[in-house]
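For reference, the structure discussed in these notes is given below.
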Amino acid sequence: MIHGFSGSSFSFRNNIDSLVNHHALVVTIDMPAFGYSDKSKNGNYNDSNKINGIHFLLQQINNHCNSNKWHLVGHSMGGITIGQFASKYSEQTQSLIFIDGLPFSQTHSSLQSLALYPPLLKWADVVLEHRFLNIQSFQELLSSAYSETANEESAIGYMSPFETKNSGSAIFRMAAHSAYANTNDSIINSIPKLIIWGKNDQWIPITNASPYLNKPYTQSFIIEDAGHCPMETQPQKVNKAITDFIS
């Protein structure tokens, strides 16, 4: 399970037990620059390295579990990540489950290197700490994503990882090293897919998913009254859609 921008494994807190109860081995990963993964100045934030890191982790688990293929769940920006992974490691991919996110193509630009300008990195850490690192700001942000009022517990769960030193500048480092990994549409189209979307998603409107809904080997599940994070706000429906699909 791969979270989206500003998320972490906390984003899937309402889904893990349901999947485990259906006899699934569940792995949630904090991506570099987010959650409690590396935010150091010398960390490797290249998205190709990120894909290889996921591959290495799953290989180690495979060695102990006799499992060769995985159902990959990607929320929001995590949809790009699992698309990139499947494009490079299709032999390790059983299916792709997209939640309010898809493997949109990206192009790396030389201008992204501006994100590594030292004063900008320092500014990012200072602004995060003094302007956004409070419960009210995170509640407002999550309420927009949820399309309903977010509670304090959710705000704390999202905010706590950002209290780690260098969190703001790590996001800029990640942005500067993105769009190196590629997606291969022909490979992705050949893999069974489930697209789950909140009909009230204002962050990535459902219209963005339209071109993908009729792709080969694709099922879709649209959730009424859900926003950008249906796996958090309507977990029972999302969990059933996933377990029915992987069964």
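The values are calculated or read from the model by the stated rules, or taken from the named source; none is laboratory data. Quantities reported herein were computed from a predicted structural model and do not represent experimental measurements. Cβ atoms come from the backbone with ideal geometry, glycine included; neighbour counts cover every protein chain shown. Just so you know, the surface numbers come from the protein's heavy atoms only, side chains and all, with ligands and any DNA or RNA stripped out. Shrake-Rupley method; radii C 1.70, N 1.55, O 1.52, S 1.80 Å.
Regarding SER90, is this residue modelled with pLDDT under 90 and either among the aliphatic types (A, V, I, L, M) or out of contact with any Asp or Glu (no Cβ under 7 Å at 6 or more places or on another chain) (or both)? Here the answer is no, as SER90 does not meet what is asked. Here are some residues: SER6, SER67. Which one is out of contact with any Phe, Trp or Tyr (no Cβ under 8 Å at 6 or more places or on another chain), open to solvent by 20 Å² or more (accessible area, probe 1.4 Å) and either free of Cβ contacts under 8 Å to residues at least 60 places away in the same chain or closer than 24 Å to GLY168 by Cβ (or both)? Within the list SER6, SER67, the selection yields SER67. Go through the range 145-184 and report how many residues are under 30 Å from SER95 (Cα atoms), outside any helix (DSSP H, G or I) and among the β-branched types (Val, Ile, Thr). Going through the range 145-184 one residue at a time, the tally reaches 1. Looking at the range 234-247, can you tell me whether even one residue there is among the β-branched types (Val, Ile, Thr) and touching a Gly at 6+ places or on another chain (Cβ under 7 Å)? For the range 234-247, residues among the β-branched types (Val, Ile, Thr) and touching a Gly at 6+ places or on another chain (Cβ under 7 Å): absent. When residues in the range 218-235 are screened for being surrounded by 15 or more Cβ atoms within 10 Å (Cβ to Cβ) and of a type in the set (D, E, K, R), 1 of them pass. Number of residues in the range 15-56 that are basic (Lys, Arg) and open to solvent by 30 Å² or more (accessible area, probe 1.4 Å): the value is 2. Quick one: would you say PHE5 is under 18 Å from the mean Cα position of the chain (by Cα) and assigned to a loop (DSSP other than H, G, I, E, B)? Taking the combined requirement at face value, the residue satisfies it.
Listed here are the residues, each with its yes/no results for (1) farther than 20 Å from PHE12 by Cα; (2) out of contact with any helix residue (DSSP H, G or I) (no Cβ under 7 Å at 6 or more places or on another chain); (3) at pLDDT 90 or above; (4) surrounded by fewer than 20 Cβ atoms within 10 Å (Cβ to Cβ).
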| position | (1), (2), (3), (4) |
| --- | --- |
| THR149 | no, no, yes, yes |
| ALA155 | no, no, yes, no |
| SER160 | no, yes, yes, yes |
| SER169 | yes, no, no, no |
| ALA181 | yes, no, no, no |
| ILE196 | no, no, yes, no |
| PRO205 | yes, yes, yes, yes |
| PRO216 | yes, no, no, yes |
| LYS240 | no, yes, yes, yes |
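Residue pairs whose Cβ atoms lie under 7 Å apart, separated by 6 or more positions or on different chains, with the first residue in the range 200-219 and among the charged types (D, E, K, R) and the second open to solvent by less than 60 Å² (accessible area, probe 1.4 Å) and part of a loop (DSSP other than H, G, I, E, B), are ASP201/ASP100; ASP201/GLY227; ASP201/HIS228. May I ask you to verify whether ALA209 is of a type in the set (Gly, Ala, Ser), surrounded by 15 or more Cβ atoms within 10 Å (Cβ to Cβ) and touching a helix residue (DSSP H, G or I) at 6+ places or on another chain (Cβ under 9 Å)? The answer is no for ALA209.
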